[in-house]
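**Student:** This is the structure, below, for whatever I ask next.
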Amino acid sequence: MKKPVRIVITGGAGQIAYALAFRIAAGEMLGTDQPVILHLLEIPNALDALKGIVMELEDCAYPLLQDIVMTEEVKVAFTDVDYALLVGARPRGPGMERNDLLRVNGDIFTVQGKALNEYANPRVKVLVVGNPANTNAYIAMQSAPNLSPQQFSAMTRLDHNRAVSQLAIKLGVPVTAINQVIIWGNHSATQYPDINHALVHNQSALALVDQNWINHDFIPSVQQRGAAIINIRGKSSAASAAFAAMAHLRDWVSGTDAWVSMAVPSDGSYGIAEKLIYSFPVTIKDGEYHIVPALEINELSHARMQASQQELEQERAAITDLLC
Ligand code: NAD
Ligand code: LMR
């Protein structure tokens, strides 16, 4: 039997956490041979709701779930954790821009970055889901000087899955036929879903769809999918976000030769400013991701990639004072 790993989910009583905790406890993220201890962090107002979730988790009698730590204290939540899923944040409501959330959420991620730095397993892997996810991850990373920047990431896997799905629906093929889709940039409307390198049954996707569809249908619909779900459902996506978060962490731990999109600190690849948390195509081996190198980038792609970089630079400028 493997040694249990500790996984913190912040925003434990929220809707994404509700879709995550039960599946992680069932072994869907790290495997059915990996015991887990769940740490669930909430704000005081949500502790009753969290208690109810803990009761439900107990009622599942999951063989892999060795313990549950339920807390409002950051120190308790982050002590010795091996994996951190930073989900808790104020979600965007109808008509609200993501940038409005920057400062509200910035404080949360400063505190949590410091706590990761001080109390977590020094090899902790961190995934930020709470929006604005890239900049929140940047804040947490900068607040944790003893950890490597490579331990921090933000989620663009949901955007990646959305792009794969939209292309599969358009072409009437299974999603498994599609490879090498990329999300570049920010998890926001400036993200660039790129199918210039995508393969469908090992054939170039560009030979199968026209540019008009790519520019006026595919790209905007992936960019706006989160907002479209909020508008129609009244709440932001939850089950699909949880599924993407599990896939992100699972691949990061277990590895993948397939290209997946992860927002990670830029190493300067593709001219993106170093340390910005920017979504790149990556492959993963032995727990380390590697940005897919030397892709040919055409002028249109370059402009879109730059636009998302600029937005991230503006977000970074807006929160710099929080990092003192
Ligand atoms: P939710 O409102 O249902 O849950 C958020 C929870 O976080 C709440 O229970 C709240 O009490 C808690 N919380 C707030 N501040 C906290 C703090 N300081 N510490 C601990 N917990 C705290 O929201 P949700 O639908 O679960 O979404 C969570 C976040 O994920 C939002 O920011 C949303 O925009 C984001 N999101 C990101 C993606 C992505 O692809 N990156 C996709 C969907 C949603
Ligand atoms: C999503 O992509 O579904 C969410 O990030 C949308 C949001 O702003 O919560």
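**Student:** Compute the long axis of helix 101-119 from its Cα atoms, compare it with the longest principal axis of the Cα atoms of the chain, and write down the angle in degrees, 0 to 90, nearest 10.
**Tutor:** 60 degrees
**Student:** Work out how far the C-alpha atoms of region 1-149 reach from end to end along every principal axis, then list the three figures in whole Å, largest first.
**Tutor:** That gives 43, 36, 24 Å along the principal axes, largest extent first.
**Student:** Can you pull the three principal axis extents for the Cα set of region 153-240, in Å, largest first?
**Tutor:** 38, 28, 23
**Student:** Determine the principal axes of the Cα atoms in region 169-292, then give the extent along each, sorted from largest to smallest and rounded to whole angstroms.
**Tutor:** Over region 169-292, Cα extents along the principal axes are 38, 36, 28 Å.
**Student:** Sticking with this one: With equal scatterers on the alpha carbons only and no solvent term, can you work out the Debye log10 of I(q)/I(0) for region 138-196 at 0.15 1/Å?
**Tutor:** The calculated log intensity ratios at q = 0.15 Å⁻¹ are -0.56.
**Student:** Further, regarding this structure: What is the magnitude of the charge dipole of region 1-160 about its Cα centre, with +1 placed on the Cβ of each Lys and Arg, -1 on the Cβ of each Asp and Glu, and no other charges, expressed in debye to the nearest 20? Don't skip to the answer; put the middle values down first.
**Tutor:** Details: 14 positive and 17 negative charges, 99 e Å.
So the magnitude is around 480 debye.
**Student:** Taking the Cα centroid of region 62-81 and of region 212-249, what is the distance between the two, rounded to the nearest whole Å?
**Tutor:** Comparing the Cα centres of region 62-81 and region 212-249, I get a distance of 30 Å.
**Student:** What pairs in LYS51/LYS235; LYS3/LYS75; LYS170/LYS275 have C-alpha atoms more than 25 Å from each other?
**Tutor:** Details: LYS51/LYS235 22 Å; LYS3/LYS75 22 Å; LYS170/LYS275 36 Å.
Those over the limit are LYS170/LYS275.
**Student:** Also, I was wondering about something else. So what's region 5-90 giving for Cα Rg divided by 2.2 N^0.38 Å, two decimals? Write down the numbers at each step before the final one.
**Tutor:** On the way: Rg = 11.6 Å, N = 86, 2.2 N^0.38 = 12.0 Å.
So region 5-90 has a normalised radius of gyration of 0.97.
**Student:** Given region 233-298, what whole percent of its Cα pairs are spread farther than 13 Å? Let's see the in-between values first.
**Tutor:** On the way: 1440 of 2145 pairs.
Value for region 233-298: 67 percent of Cα pairs lie more than 13 Å apart.
**Student:** While we're looking at this one, here's another question. Any chance you could get the radius of gyration and Dmax over the Cα atoms of the chain, in Å?
**Tutor:** So, for the chain, Rg and Dmax equal 19.0, 55 Å respectively.
**Student:** OK, next. Using Cα-only point scatterers and the Debye equation, what is log10 of I(q)/I(0) for region 84-232 at each q in 0.14 Å⁻¹, rounded to two decimals?
**Tutor:** Scattering profile of region 84-232, log10 relative to I(0): -0.74.
**Student:** Same structure again: Applying 1/(1 + (r/R0)^6) with R0 = 45 Å to the Cβ-Cβ distance of SER254 and ASP210, what FRET efficiency is obtained, to the nearest 0.05? The partial results should precede the final answer.
**Tutor:** Details: r = 37 Å, r/R0 = 0.82.
Efficiency at R0 = 45 Å is approximately 0.75.
**Student:** Next up: For region 274-314, count the residues as N, evaluate 2.2 N^0.38 Å, and divide the Cα radius of gyration by that value, please.
**Tutor:** Values: Rg = 12.2 Å, N = 41, 2.2 N^0.38 = 9.0 Å.
The value comes to 1.35.
**Student:** If you don't mind, another one. Would you kindly derive the ³J(HN,Hα) couplings of region 160-171 from the backbone phi angles with the Karplus curve 6.51 cos²θ - 1.76 cosθ + 1.60 (θ = phi - 60°), listing them in order in whole Hz, with x for Gly and Pro?
**Tutor:** 4, 5, 4, 5, 4, 5, 4, 5, 5, 5, 4, 8
**Student:** Let me spell out the model: positive unit charges on the Cβ of Lys and Arg, negative unit charges on the Cβ of Asp and Glu, origin at the Cα centre of the chain. What dipole size does that give, in debye rounded to 20? Walk me through the numbers on the way to the answer.
**Tutor:** Values: 24 positive and 32 negative charges, 55 e Å.
Value, rounded to 20: 260 debye.
**Student:** Rounded, prolate or oblate: pick one for region 194-262, where a ≥ b ≥ c are the square roots of the eigenvalues of its C-alpha gyration tensor, a/c under 1.5 means rounded, and failing that, prolate if a/b is larger than b/c, else oblate.
**Tutor:** Values: a/c = 3.31, a/b = 1.08, b/c = 3.05.
Cα axes put region 194-262 in the oblate bin.
**Student:** Tell me the mean residue ellipticity at 222 nm calculated for the chain from its helices only (DSSP H runs of n ≥ 4, each -39500 (n - 2.57), averaged over every residue, nearest 500).
**Tutor:** Values: 10 runs with 125 residues, N = 324.
Taken over the chain, the calculation gives -12000 deg cm²/dmol.
All of the numbers you see were taken from the coordinates with simple rules; none came from a lab. What you see is a predicted model; the values in this text were computed from it and never measured. Backbone-built Cβ (ideal geometry, glycine too); neighbour counts: all protein chains shown.
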